Structure formats: C-alpha cells, structure tokens
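Heads up, the thing below is written out as structure tokens.
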Amino acid sequence: MTANAKTIIITGASRGIGRAAALLCGAQGWNVAINYRSDDAMANRTADDVRAAGGQAITHRGDATDEAATIALFDATEAAFGRIDGVVVNAGIVAPGLELADMTVARMRQVIDTNVLGALICARESARRLARPTDEASASLVLISSVAARLGSPGEYVDYAASKGAIDTLTLGLSRELAPKNIRVNAIRPGLIDTDIHASGGAPDRAQRLAPQIPMQRPGTAAEVGEAIVWLLGDGASYATGAILDVSGGR
C-alpha cells in the first residue's frame, strides 16, 4: 500500500465512467474499492487493471439500492484500507427511450430507485464516515449527474433527466451541510459520452449518431470524465464544494 495513498470508493465501477475513474485513481497510487452489481469478470478485470496502474483494489458486489449492501461496502473498504477519503456515486441506469405517457410505473420506479435512492443511501453513508478535522485534507464526495438534468431529454427519458436533476439539488444542499465536517461535495454532469449505457437504453449507436449536435463535434470518452472525477477527489480541488461541473463538449 502506498504511503499516504487516498482510499476511494467508486460505485458502478466495473464499466464505463466508473471503470475509467478507477484506473485513473490507480495511476495516482490510490486504494480503490470497486463496487458493482453483477458482472464479476469485469469487476475483477478492473481490480487487476487498477493494480497494474499502481494502486490497490478490492471488489465488492452489491446493488446500489440495497442499504445493507452499501453499508457492507463501506465496512469492507475500511477493513481493507482504513479511513475512506473519497466516494464517487456513479451507479446509475437509463431505460429505453420513450415519452412519459408511455412509461410504466415499474420502469420509472427502477430509474428513481437506482439513480436517486441509491445515491442518497451512498451519500448518507459517506456523511457518516468521511468527516475529519478541519486542519486535515478534506474528504471528497463526487456525485455523477448528467447534462440531461438541464436539457430534460424530451422524447427519450425524462424520468432519467428528472433523476439527475435530483442529484444536482442533492449536491447543492449536501455541500453546505457537510462543509463544517470537512467533506467537499461536488457533481459532474457528463454530456454525450461513448459508453455502453446507450446500449442499455436500446440505442447502442446513440453517441455517434448525435455527435453532430455537439459543439466539439464528437462524443466524449469515459476517461475524459474520469479525469474530472480524479481532480475533484484530489487535494488540488481543496476549495471546490457545491460545484456542478459540465464535461459535455460545450453542449
């Protein structure tokens, strides 16, 4: 274990933005707890890649909406590495594109439970465990929102957009609530990022298809979002809290 290495929890870390952030944390020499829902092979591969990059890693399977699983994730991280320095609340889902009038309650409940309730549970556990004296380096909670929160995603998934709007509001309120405990709370709003979340929403070609609408004329990469995450986790962002950072190519 690297001396003075930060210990970071990342939810939804076996793929996409979470995986990219985990690898970049590894390159910093940090300890990473890789939370994932079901893909053991990808989680183990991510852990191996974090170690290869220079960090230490553990994996922990658990659904973000399961309170007991989230508490166990924090317990396992503390047991492996000691005090937790940062948490990235990245686990989230999107459902196939539909207008609201055609959505079922079951679909909406799944989106809200994962993207909002899951984030609240993880943020609550972070609030309980990350506090430290103000003369020490601050802890960091990074919430992954989306530019959908301000664009609304009409005709595709306004339920997802609404769930990410809740993340923006959580960031603003919780940053003020936790500042006296020396915990910084910030959010990142990725734009059109080329990950497999689009396939899970039924449109695997969405990132390339919509690229001409982006001022930079291309989708972003998971690593580009990961770089922003690592900055917010690090000591270089020591005076940043309550910020919502768009990583969206100008969209």
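Within the stretch 85-110, the residues that satisfy the criterion of being closer than 18 Å to TYR36 by Cα and buried (at least 18 other Cβ atoms within 10 Å of the Cβ) are GLY86, VAL87, VAL88, VAL89, ASN90, ALA91, GLY92, ILE93, VAL94.
Inside the stretch 20-38, can you point out the residues that are touching a strand residue (DSSP E or B) at 6+ places or on another chain (Cβ under 8 Å) and not aliphatic (A, V, I, L, M)?
First, pick out the residues of the stretch 20-38 that are touching a strand residue (DSSP E or B) at 6+ places or on another chain (Cβ under 8 Å): 21-22, 25-26, 30-38.
If the condition is that a residue be touching a strand residue (DSSP E or B) at 6+ places or on another chain (Cβ under 8 Å) and not aliphatic (A, V, I, L, M), then CYS25, GLY26, TRP30, ASN31, ASN35, TYR36, ARG37, SER38 are the ones that fit.
Checked against (1) part of a loop (DSSP other than H, G, I, E, B); (2) loosely packed, with under 15 Cβ neighbours inside 10 Å; (3) not aliphatic (A, V, I, L, M), SER146 passes all but a single condition, namely (2).
Annotation: TYR239 fulfils all but one of (1) assigned to a loop (DSSP other than H, G, I, E, B); (2) at pLDDT 95 or above; (3) in contact with a helix residue (DSSP H, G or I) (Cβ under 6 Å, 6 or more places away or on another chain); the unmet one is (3).
Among the residues of the stretch 59-71, is there at least one that is assigned to a helix (DSSP H, G or I) and over 17 Å from ALA123 (Cβ atoms)? Within the stretch 59-71, not a single residue is assigned to a helix (DSSP H, G or I) and over 17 Å from ALA123 (Cβ atoms).
To keep it simple, each residue is scored yes or no on (1) closer than 17 Å to CYS122 by Cα; (2) not polar (S, T, N, Q).
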{"site": "ILE8", "(1), (2)": "yes, yes"}
{"site": "GLY18", "(1), (2)": "yes, yes"}
{"site": "ALA21", "(1), (2)": "no, yes"}
{"site": "GLY54", "(1), (2)": "no, yes"}
{"site": "THR77", "(1), (2)": "yes, no"}
{"site": "ALA80", "(1), (2)": "no, yes"}
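Contact map, the stretch 119-143: first residue farther than 21 Å from CYS25 by Cα and in a helix (DSSP H, G or I), second residue modelled with pLDDT of 95 or more and acidic (Asp, Glu), Cβ cut-off under 7 Å, separation 6 or more or different chains; pairs are ILE121/GLU67.
With respect to VAL116, is the statement that it is of a type outside the set (Gly, Ala, Ser) and out of contact with any strand residue (DSSP E or B) (no Cβ under 6 Å at 6 or more places or on another chain) true? So VAL116 passes the test. Just a yes or no: is a residue in the stretch 202-209 assigned to a loop (DSSP other than H, G, I, E, B), within 23 Å of MET103 (Cβ to Cβ), touching a Ser or Thr at 6+ places or on another chain (Cβ under 9 Å) and not β-branched (Val, Ile, Thr)? Among the residues of the stretch 202-209, not one is assigned to a loop (DSSP other than H, G, I, E, B), within 23 Å of MET103 (Cβ to Cβ), touching a Ser or Thr at 6+ places or on another chain (Cβ under 9 Å) and not β-branched (Val, Ile, Thr), which makes the answer no.
Do the conditions hold for ARG83, that is, is it modelled with pLDDT of 95 or more, in a loop (DSSP other than H, G, I, E, B) and either over 15 Å from ILE9 (Cβ atoms) or over 16 Å from the mean Cα position of the chain (by Cα) (or both)? When the stated conditions are applied, ARG83 passes them.
Being over 25 Å from ASP159 (Cα atoms), of a type in the set (Gly, Ala, Ser), surrounded by 15 or more Cβ atoms within 10 Å (Cβ to Cβ) and out of contact with any helix residue (DSSP H, G or I) (no Cβ under 7 Å at 6 or more places or on another chain) narrows it down to one residue among ALA68, ALA76; which is it? Walk me through it before giving the result.
Details: ALA68 fails: surrounded by 15 or more Cβ atoms within 10 Å (Cβ to Cβ).
That would be ALA76, the only listed residue that is over 25 Å from ASP159 (Cα atoms), of a type in the set (Gly, Ala, Ser), surrounded by 15 or more Cβ atoms within 10 Å (Cβ to Cβ) and out of contact with any helix residue (DSSP H, G or I) (no Cβ under 7 Å at 6 or more places or on another chain).
If the condition is being at pLDDT 95 or above and crowded, with 20+ Cβ neighbours inside 10 Å, then the stretch 149-158 contributes only ALA149. Of the residues making up the stretch 1-44, those that are more than 17 Å from ILE188 (Cβ to Cβ), touching a residue at least 12 places away in the same chain (Cβ under 8 Å) and assigned to a helix (DSSP H, G or I) are GLY26, ALA27, ASP40, MET42, ALA43, ASN44.
Scanning the stretch 122-143 for residues that are surrounded by fewer than 20 Cβ atoms within 10 Å (Cβ to Cβ) and among the β-branched types (Val, Ile, Thr) turns up just one, THR134.
The values are calculated or read from the model by the stated rules, or taken from the named source; none is laboratory data. Keep in mind that what you see is a predicted model, and the values were worked out from it rather than measured. Ideal geometry is used to build each Cβ from the backbone, glycine not excepted, and the neighbour counts take in all protein chains shown.
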